[in-house]
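Shown next, in structure tokens, is the structure this report addresses.
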Amino acid sequence: MIKYLHASLWIIVFFNFVIEDFLNVPSGVTKLGPPAIILILLSLKINQKKSILFPHISLFFLICAAILSSAIWNGTKLFDLVNYTLYTIFPFLYFVVIVNEDSEKLLKFVVKTVIILFMIQIPACLIKFSLVGIAENYIGTISYASGSISTV
């Protein structure tokens, strides 16, 4: 089950627009799916181990404080704050899950999955470029929102 959760997470991350546009899945699934999967993986890891390594915990809290103080100072809407936090904090929590993983077999599976999904992006990008130019919403390659990165 854990193996499929990792794979599902990376498939949603890499094929965000394909899932939304071509499969007509609501955008809430692609926006809330990865954080939900990360929370499930983290809770499973916490239940499995007696002690969890949380590397750079001070950096984690510093980032949270910076996000919150920036939102207060700039008058950011609550939705925008939550949305930004999802894209910055949850990848760090996924890092905690990976750091605490004992199974080398599972870690190799995650690495292979990411490499395969990344390699798929190359022909997808070429096809997208030849068919529709530089628009990003059709194939679902890694680039997102004017070229900013949407990967972990």
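Just so it is clear, none of the values below were taken in a lab; they were calculated from the coordinates. All values derive from a computational prediction rather than experimental measurement. Using ideal geometry, Cβ is built from the backbone for each residue, glycine included, and neighbour counts are taken over all protein chains shown.
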(request) Compute the Cα gyration tensor for the range 52-92, then decide on rounded, prolate or oblate, letting a ≥ b ≥ c be the square roots of its eigenvalues: rounded whenever a/c is under 1.5, prolate when a/b is larger than b/c in the other cases, and oblate in all that remain. (result) oblate
(message) Taking the Cα of Ile63, stepping 7 Å toward and past its beta carbon, and measuring to each backbone N in the range 18-40: which are under 14 Å?
(response) 35
(request) When a/c is below 1.5 the answer is rounded, else prolate if a/b is larger than b/c, else oblate, so apply that to the chain with a ≥ b ≥ c taken from the square roots of the Cα gyration tensor eigenvalues. (result) oblate
(request) State whether the range 27-80 is rounded, prolate or oblate according to the following rule on the C-alpha gyration tensor (a ≥ b ≥ c being the square roots of its eigenvalues): a/c under 1.5 gives rounded; otherwise a/b larger than b/c gives prolate, and the remaining case gives oblate. (result) oblate
(message) At 222 nm, what value in deg cm²/dmol follows for the chain if DSSP H runs of at least 4 each add -39500 (n - 2.57) and the sum is divided by all its residues, to the nearest 500?
(response) -23500 deg cm²/dmol
